[in-house]
Structures are given as C-alpha cells and as structure tokens.
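Undergrad: This is the structure I want to talk about, given as structure tokens.
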Amino acid sequence: MQPFRPMRSMLFMPASNARALEKARDLPSDGVIFDLEDAVAPEAKAEARQQATNALKAGGYGQRLRVVRINGLDTPWWRDDLASAVAGKPDAVLLPKVEHVESLQRVEEEMAWLGGCDDIVLWSMIETPMAFLRLEALAQVTDRQTTWVIGTNDLVKDLRAEHTKDRMPVMMALSQALLVARAYGLTILDGVYSNFRDSEGFAVECRQAKSMGFDGKTLIHPGQIDTANTVFAPSEEEIALARRMIAVFDDAKTTGKGVAVLDGRMIEELHVEVARQQVAMAEAIARLAD
C-alpha cells in the first residue's frame, strides 16, 4: 500500500507539449498526469509517449505524484503507451473510460508480462453511464487499483444533460461513486472544470466537491492549482482544533474514559478519526513543500 499522499490538485498535462512537461516541474500541484489520450492528436501519439517517458526518467518533479494516462484499450496505441509508461516508473497508470472488469484485468496481465511494475498502481477513469452502473464490480476487480477519477464532461455528454452550476444532472452518479469508493477503500477525484477563466465558478465547484467528500480535483490549467490546494486542505484553524481534540481524547483514554469534552462538545472516537486524518493531511502537505 502506498503511503498517504495529498491529491488536492492533479494537473493534466499534454505529453505532446515538451514545454508544458518542463514547466510542470515547478508548479505547486500535488501531482501531474502526463496525458497521452484526449490532449494528443493521433499523429503526435508516438512523440508524446516518448516525451512522457523521457520526462519521467529525468525526474525533477519532487514529491508530486506522477501519473500517465494511456489511450483506451479500444485503440491501437494502448500497449505501446503502457510499455513506455512502465519504463518511466510513474506512480500510477490511468486508464480512460473503464467500463468492464476485463479491461483492468487485461492491463494488469500486461503489466505482469512487462515486469518491474510492482510499485505502479492503477487509476481508473469513471466517465460513462455503463461504468456507473458497474461501480461495485469495478471497485473489487484488483488490489492494484487505488484511485478513481470521475470524468464529468463525458458523463454529461452521454446523458445528453446540461452543465449546471449545481451539477444536479449528475449528482446521483457522483454520490454513488463516492459511496462505492469509500466502501472499497478507494481514493476518488472530481472531474475537470473546463472553463479555466471562470475562477469563481471553479472555486464553487471545488467547495462542492470537498463538501461531498472528494479527495481532490483534476485540473486542466495551472491557474486552477492554488484554489484547489486551498479548498481541499484543512485550514490552520481546523488543524489546531484537530490537534486539541486528539490531545484531550488521548488524555481521557489514559483515565479509562471512552469520550472527552472540548469546549462543551462531546468528543468520541469517530471525531478523533477525522481529526487524525486532517493532521495527516497537513503533515503530508508540509512534506510536499520540503
């Protein structure tokens, strides 16, 4: 199992853009997704694949998560993408449009054949109606899968719905994905916000996703990083309160009590569990800055 790492801001970068890959080394995102799929034209696939691998081997991304999104299994590129990605030793490989358990099994078998993949996990894009109807099966297929990325743009398109500020057309799907992800111990990231010039709308959607329980957000522009990092991180006040809660609860336990009282509020184990998560998040964010 990988150690806890923040995923507040996972930035998609087109692997065909060498300048963007270089710039990503100095951006404060929690992770970078080297995109070989949607952001790369067919004639640029081979070059993008090689540039992503070269960038991974060169390093310089610090503690950021490094993820490669390969092309779908219904394309002629995915095997070459996977082999090249594995050679670069990323933290994860992201599969687009996962709908069938067989897709994850097939990629895992290919990784076993390639070898040297023990430390590389799988992430899945959940973005079609069929995927949302098969969430539990997809969640259970392999322990190598650790993270779901929700593809809200594709979902809205397939539903023939509209993009609304409250996201009500897809709220049932988002909530179901969160329920299943938490039931099976998966990290789950919200989809991209395409209008990168609408900073206010982006902040609103980040706050909504945080309140729902998402671990972070996928991004399409560096200008979105700071907002995502701020929204999905515990505030200084929350961290201070969390540390106080942990301290008073631990004191209560030494005297044989199962609950504690802080500022007139009853503190139980479930409250302390959340507090410990907040402290762990704060400490992990601090390590990223080192």
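Undergrad: List every residue pair whose Cβ atoms lie under 6 Å apart, where the two residues are 6 or more positions apart in sequence or sit on different chains, the first residue falls within the stretch 27-53 and is among the acidic types (D, E), and the second residue, located anywhere, is part of a loop (DSSP other than H, G, I, E, B).
TA: Hits for this filter: D30/P6; D30/M7; D30/R8; D35/A15; E37/N71; E37/P96.
Undergrad: In the list R5, R66, which residue meets the criterion of being surrounded by fewer than 24 Cβ atoms within 10 Å (Cβ to Cβ), within 29 Å of Q278 (Cβ to Cβ), at pLDDT 95 or above and of a type in the set (K, R)? Talk me through it step by step, then tell me what you get.
TA: Values: R5 fails: at pLDDT 95 or above.
Only one candidate passes the filter, namely R66.
Undergrad: Taking H221, is it in the same structural domain as M130 (by TED's automatic domain parsing) and modelled with pLDDT under 95?
TA: no
The rows are residues; the columns are (1) in contact with a Leu (Cβ under 7 Å, 6 or more places away or on another chain); (2) over 27 Å from A282 (Cα atoms); (3) of a type in the set (A, V, I, L, M).
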site	(1), (2), (3)
N17	no, yes, no
K23	no, no, no
G31	yes, no, no
E43	no, yes, no
A48	yes, yes, yes
A58	no, yes, yes
N71	yes, yes, no
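Undergrad: Pick from L95, L114: which is assigned by TED's automatic domain parsing to the domain that holds N195 and surrounded by 22 or more Cβ atoms within 10 Å (Cβ to Cβ)?
TA: On the way: L114 fails: surrounded by 22 or more Cβ atoms within 10 Å (Cβ to Cβ).
Unique residue meeting the criteria: L95.
Undergrad: Condition test on D154, is it buried (at least 19 other Cβ atoms within 10 Å of the Cβ), part of a helix (DSSP H, G or I) and out of contact with any strand residue (DSSP E or B) (no Cβ under 7 Å at 6 or more places or on another chain)? Break it down stepwise before answering.
TA: Numbers: buried (at least 19 other Cβ atoms within 10 Å of the Cβ): yes; part of a helix (DSSP H, G or I): yes; out of contact with any strand residue (DSSP E or B) (no Cβ under 7 Å at 6 or more places or on another chain): yes.
When the stated conditions are applied, D154 passes them.
Undergrad: Pull out all pairs, ordered by first then second residue, where Cβ-Cβ is under 6 Å, the residues are six or more apart or on different chains, the first lies in the stretch 144-167 and is within 21 Å of L122 (Cα to Cα), and the second is among the small types (G, A, S) and part of a loop (DSSP other than H, G, I, E, B).
TA: Cβ pairs passing all conditions: I150/G191; G151/G191; T152/G191.
Undergrad: Here's a follow-up. Assigned to a loop (DSSP other than H, G, I, E, B) and acidic (D, E), is that true of E99?
TA: yes
Undergrad: Could you say which residue among A137, A161, A181 is small (G, A, S), surrounded by fewer than 18 Cβ atoms within 10 Å (Cβ to Cβ) and not in a loop (DSSP other than H, G, I, E, B)? Before the answer, list the steps.
TA: Working: A161 fails: not in a loop (DSSP other than H, G, I, E, B); A181 fails: surrounded by fewer than 18 Cβ atoms within 10 Å (Cβ to Cβ).
Selected residue: A137, the only one of A137, A161, A181 that is small (G, A, S), surrounded by fewer than 18 Cβ atoms within 10 Å (Cβ to Cβ) and not in a loop (DSSP other than H, G, I, E, B).
Undergrad: Only one of (1) within 28 Å of P6 (Cβ to Cβ); (2) surrounded by 19 or more Cβ atoms within 10 Å (Cβ to Cβ); (3) more than 18 Å from the chain's Cα centre (by Cα); (4) not β-branched (V, I, T) fails for A58. Which number is that?
TA: (2)
Undergrad: Could you figure out which of (1) in contact (Cβ under 8 Å) with a residue 24 or more places away in the chain; (2) in contact with a helix residue (DSSP H, G or I) (Cβ under 7 Å, 6 or more places away or on another chain); (3) assigned to a helix (DSSP H, G or I); (4) under 30 Å from A139 (Cβ atoms) isn't true of I246?
TA: The single condition I246 does not satisfy is (4).
The values are calculated or read from the model by the stated rules, or taken from the named source; none is laboratory data. Bear in mind the structure is a predicted one, so any value in this text is a computation, not a measurement. Positions of Cβ are backbone-derived with ideal geometry, glycine not excepted, and every protein chain shown enters the neighbour counts.
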